[in-house]
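The structure under discussion appears below in the form of structure tokens.
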Amino acid sequence: MSSSTLSAPETVATEPETAARKHSGDTSTARRIVIPVAFAAIALALWQIGVTITGVPPYLVPGPLDVLNALIESAPVLLEPTLVTAYEAYAGFAIAAVSGFGAALVMARFKTMELGFYPYLVILQTVPIIAVAPILVVWFGAGAATNMLVAAMIAVFPVAANTLQGLKSTDRNLLQLYRMAGAPPRVQLFSLRVPGALPQIMTGLKIAASSAAIGAIVGEFAAGVGGGAGGLGYAITRFANQLRTPELFASVVLASVVALVLFGVISFIEWLVLHRWHESATPED
């Protein structure tokens, strides 16, 4: 009887707490949507008011309405370049994600590989990609394949560096416990260190998502189209040469959309993986 009497209040007490937590999560999600949208609306309104009052011609600084009109009118023309850039960026991201994660696993498992390989990974990140792209054109020819490689070269470092940092940040007490239990290094790596590094891995992937889109555009600037369909980088160059500034802005907006779509997918995967246990993905109080 006493056990039943004590347990009932505990069950009742958890219901308001659960409801409050759910309400807090809903409120936090709404704020994350409403506040950025409000800031964007204010910025766009000020931009439109500024160009209207000053009378700046659209070929110098188009207003948001000019860019919107260009997006609508040039949609058939810009659709194919957007798909080309998306293909190059997403393929480059996939290459960077697989190779960066694999390199981090090897470096975390073997200290000699980290000492020998990591400095050159850093050097690869510091090399001006605009200077490397012509070399890739000589080796692989101009076109989508080269642009994918450029995107992968820019995106691989955030994946490898963040994954390696996460793998090296595992609680040493837990590692010692695994060693005492006789777990081999392979088991320690995949059952303890990789799950614990998931927040850093996802951070690296999100950085790489935007970097891959930038790399694809840079590759299109430097490597060209190779006789095939050009991407947004080619469209941006063409519109700039023709002083079609609203269409130029529209192309930049679509390039951002390409990156944001991939970033959003990675962020959703991060939420699925982390929201049940990690503080970074749980609702704020």
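Taking the range 34-82 as the search range and keeping residues that are assigned to a loop (DSSP other than H, G, I, E, B) and among the aliphatic types (A, V, I, L, M), which one is nearest to the chain's Cα centre (by Cα)?
In this case the residue turns out to be V61.
Looking at (1) modelled with pLDDT of 85 or more; (2) among the aliphatic types (A, V, I, L, M); (3) surrounded by fewer than 17 Cβ atoms within 10 Å (Cβ to Cβ), which is the only condition A229 fails?
Of everything listed in (1) modelled with pLDDT of 85 or more; (2) among the aliphatic types (A, V, I, L, M); (3) surrounded by fewer than 17 Cβ atoms within 10 Å (Cβ to Cβ), A229 misses just condition (1).
Report, by residue number, each residue of the range 76-99 that is open to solvent by less than 50 Å² (accessible area, probe 1.4 Å) and either among the β-branched types (V, I, T) or more than 15 Å from I214 (Cα to Cα) (or both).
Within the range 76-99, L78, T82, V84, T85, A97 qualify.
What are the pairs, 6+ residues apart or on separate chains, where a residue within the range 225-254 that is under 21 Å from A142 (Cα atoms) has its Cβ under 7 Å from a residue that is modelled with pLDDT under 90 and surrounded by fewer than 19 Cβ atoms within 10 Å (Cβ to Cβ)?
Pairs found: G226/G141; G233/F221; Y234/V225; T237/F221.
Looking at the structure I just gave you, is S169 hydroxyl-bearing (S, T, Y) and closer than 30 Å to L136 by Cβ?
When the stated conditions are applied, S169 does not pass them.
The values are calculated or read from the model by the stated rules, or taken from the named source; none is laboratory data. What you see is a predicted model; the values in this text were computed from it and never measured. A quick note on method: Cβ atoms are made from the backbone with ideal geometry, for glycine too, and the neighbour counts reach across all protein chains shown. Ligands, DNA and RNA are stripped out before the accessible areas are found, and what is left, the full protein with its side chains, is counted by its heavy atoms. Shrake-Rupley method; radii C 1.70, N 1.55, O 1.52, S 1.80 Å.
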